[in-house]
Structures are given as structure tokens and as C-alpha cells.
1. Take region 62-71 and flag every residue that is surrounded by fewer than 12 Cβ atoms within 10 Å (Cβ to Cβ) and among the β-branched types (Val, Ile, Thr).
2. Condition first: at pLDDT 90 or above, hydroxyl-bearing (Ser, Thr, Tyr) and open to solvent by less than 90 Å² (accessible area, probe 1.4 Å). Now tell me which residues in region 20-61 satisfy that.
3. I'm trying to understand the selection: among the residues of region 1-19, which are at pLDDT below 85 and of a type in the set (Phe, Trp, Tyr)?
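The values are calculated or read from the model by the stated rules, or taken from the named source; none is laboratory data. Just so it is clear, the structure is predicted and the values come from calculations on it, not from any experiment. Every residue, glycine among them, receives a Cβ derived from its backbone with ideal geometry; neighbour counts consider all protein chains shown. Accessible surface areas use protein heavy atoms only, side chains included; no ligands, DNA or RNA. Shrake-Rupley method; radii C 1.70, N 1.55, O 1.52, S 1.80 Å.
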Amino acid sequence: MMWYFWDRLTPWNMLGGIFMMILMFLFWAVVIYFIFKLLTRNDIISKVTSGKSPEELLKERYARGEITKEQYEEMLQDLRK
């Protein structure tokens, strides 16, 4: 019975295995790509890459109530030095 399988092992049959390996590689590449995109999609990275100046970001933090007026003024002075 085993001789039947090995007798049919031709280059055309092996192309199916190579094709499946390529598809599996592409599948995992897509999965890893989307995981990377989800992990790097947070607010910090979007703020840094948004092109806003540090003073504008500081004003937004103050407007949202994340920092007090004293903290805002101190950080603003540090930025302007």
C-alpha cells in the first residue's frame, strides 16, 4: 500500500505543498500586521505624529482637566526655555 503513495510523489504534487506553505506564510504575515496595527493605535502615538506643537498639546491637556493651572504654567515655562 505504501508504494502507491511514494509512486505518485511527482513534482506537480509537491507544488501543492509549496503553495500551501506560501499561503500559510502570507496568513501569518497578515495576522502579525494587524496585531501590530492594533497595538500601535493608541492616543499617545497619534498625538506625537499629529504634527501639533508641544505647547498645543499642553493646552489641550489643561483644557481637558488633566493638569492644574500651576502645572500648566510650570510646564509651559519649561517648554519655552
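1. The one that is surrounded by fewer than 12 Cβ atoms within 10 Å (Cβ to Cβ) and among the β-branched types (Val, Ile, Thr): Thr68.
2. Matches in region 20-61: none.
3. Trp3, Tyr4, Phe5, Trp6, Trp12
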